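So the structure is just underneath, and the comments pick up after that.
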Amino acid sequence: MKTIYFLLVSTFIPLLTQAQIPNSGFEDWTSMITYNNPSLWGTLNNVTASANTFTCVKGTPGNPGNSYIKLTSKSVAGMGTKPGIAVSGILNTISMEAVSGFPFTGRPEAMTGKWQYMANGADKGYISIILTHWNPTAHYRDTICYKYLPLSGMVMSWANFTIPVTYSTENFPDSAIIVLSASNANGAVTAAGSYLYVDNLVFKNTVWLSADNIAKQNFCIYPNPAHDLLNFELPVPPGSGKYRYSILNYSGLEIRPPASLNQNNINIDNLIPGCYILMIESDLKFNKGKFIKY
C-alpha cells in the first residue's frame with residue numbers, strides 16, 4: 001500500500017507536517033459491496049461478512065460531522081463472539097493485533113476525541129496508542145510510546161476524552177498505530193453487546209520532527225537526470241548496514257517503501273518520468289536529495 005511519509009516532505013511542503021490521524025473523524029467509508037469499512041482502518045468485517053454480521057458499522061450523525069465509528073462485539077454464527085475492534089492500519093484478524101499503522105513523525109502530548117462505551121458483564125474495552133521508530137542497526141522497531149487505556153465504568157452519551165501520552169525515549173517516531181476495541185481489555189472475555197463509539201480523534205500539542213533533525217544533503221547523486229540506474233556516494237559504505245532508503249514524489253507520496261541499502265546504486269527503471277526525492281536514513285538522521293527520472 002502506498003503511504004505518505006511526512007518527515008522528509010516537511011522540508012518542501014510545510015502543510016504536510018500538520019498531518020494527523022487518517023480519517024480521524026470517520027467521515028470516509030469504503031464500500032465493500034455488502035458492507036462499509038472506515039477508510040484507512042482495519043476491522044473484522046471482512047471475516048464476519050460471510051455470516052452477514054458486522055462488528056463495525058457507520059453511526060450517524062457524527063459528533064461533529066456526518067458519521068462516527070460504531071464498534072459492537074457480537075455473536076457470529078459459526079465463529080463465536082467477535083470483538084468490535086478497529087485499527088488505524090492493518091488488523092491481524094486471527095491474533096487481533098495491529099500489524100501496521102500510518103506514517104507519523106510527531107510527539108503529541110495527548111489524544112483527544114469523543115466517545116460512548118459500555119461493557120457487558122466482566123468484559124471491558126480499551127484504547128491503545130503505539131508510536132515506534134525503525135532501528136536500522138538492530139533491524140527491529142523501537143517503541144517510542146505505548147499507551148494502553150482500559151475503559152472503566154460506562155459513558156452512555158457523547159463525552160469528551162483526553163488520553164495523555166508519555167514517552168520511553170527522546171527519539172521521534174516514524175509510525176503510529178491506534179487500536180479501538182469494545183472488548184478484551186487485559187484479557188477480558190468478549191461479551192456480545194459491549195460497544196465503543198468514537199469520533200473526532202486528534203493528537204494534541206504535537207512537537208513535530210523539524211528540519212533541524214534532517215541532515216543536509218551530504219551525498220552526491222549521479223547521473224541526474226537518470227534513466228534506469230541512480231548512483232550516489234555515501235560517507236560510509238552501504239554494505240555496513242547503516243543505511244535505509246526510500247523514494248518519494250514531490251507530493252509526498254511514498255513511491256518505494258523503506259528498504260536496506262546494500263550497494264551504492266538503485267534501479268529506477270520502473271519509475272515513470274518525473275521529479276523525485278531520495279531519502280537515506282542513517283542513525284536517526286535523514287539525508288535527502290532530489291533527482292529526475294527521464
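The table below lists the values:
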| item | result |
| --- | --- |
| Filter result (free of Cβ contacts under 8 Å to residues at least 60 places away in the same chain and part of a strand (DSSP E or B)) within the range 46-59 | Cys56, Val57, Lys58 |
| Scope the range 132-186; condition at positive phi and part of a loop (DSSP other than H, G, I, E, B); matching residues | His139, Gly153, Asn184 |
| Scan of the range 260-294 for residues that are crowded, with 18+ Cβ neighbours inside 10 Å and assigned to a loop (DSSP other than H, G, I, E, B), ordered by number | Leu261, Ile268, Leu271 |
| The lone exception for Val155 - which of (1) loosely packed, with under 13 Cβ neighbours inside 10 Å; (2) within 17 Å of Leu71 (Cα to Cα) it fails | (1) |
| Residue in the range 179-201 that is at pLDDT below 95 and of a type in the set (A, V, I, L, M) present | no |
| Residue count for the range 210-227, restricted to those that are modelled with pLDDT under 85, under 14 Å from Phe291 (Cβ atoms) and in a loop (DSSP other than H, G, I, E, B) | 4 |
| Residue within the range 108-125 that is crowded, with 18+ Cβ neighbours inside 10 Å, of a type in the set (A, V, I, L, M), in contact (Cβ under 8 Å) with a residue 40 or more places away in the chain and over 24 Å from Met154 (Cβ atoms) present | no |
| Members of the range 250-282 found to be among the basic types (Lys, Arg) and in contact (Cβ under 8 Å) with a residue 24 or more places away in the chain, listed by number | none |
| Failed condition for Gly65, given (1) part of a loop (DSSP other than H, G, I, E, B); (2) modelled with pLDDT under 95 | (2) |
| Residues located in the range 257-268, provided they are over 14 Å from Gly289 (Cβ atoms) and either in contact with a strand residue (DSSP E or B) (Cβ under 8 Å, 6 or more places away or on another chain) or among the hydroxyl-bearing types (Ser, Thr, Tyr) (or both) | Pro257, Pro258, Ala259, Ser260, Asn267 |
| Number of positions in the range 228-245 that are in a strand (DSSP E or B) and modelled with pLDDT of 85 or more | 4 |
| Matching option when the condition is within 19 Å of Asn200 (Cβ to Cβ) and either modelled with pLDDT of 95 or more or aliphatic (A, V, I, L, M) (or both), among Leu7, Leu44, Leu71, Leu16 | Leu71 |
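Quick grid of which residues meet (1) part of a loop (DSSP other than H, G, I, E, B); (2) at negative phi; (3) surrounded by 19 or more Cβ atoms within 10 Å (Cβ to Cβ):
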site	(1), (2), (3)
Gly25	yes, yes, yes
Asn37	no, yes, yes
Pro61	yes, yes, no
Lys70	no, yes, yes
Thr81	no, yes, no
Ile94	yes, yes, no
Ala98	no, yes, yes
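The values are calculated or read from the model by the stated rules, or taken from the named source; none is laboratory data. Owing to the predicted nature of the structure, the values given are computational and were not obtained by experimental measurement. Glycine gets a Cβ as well: all are built from the backbone with ideal geometry, and neighbour counts include every protein chain shown.
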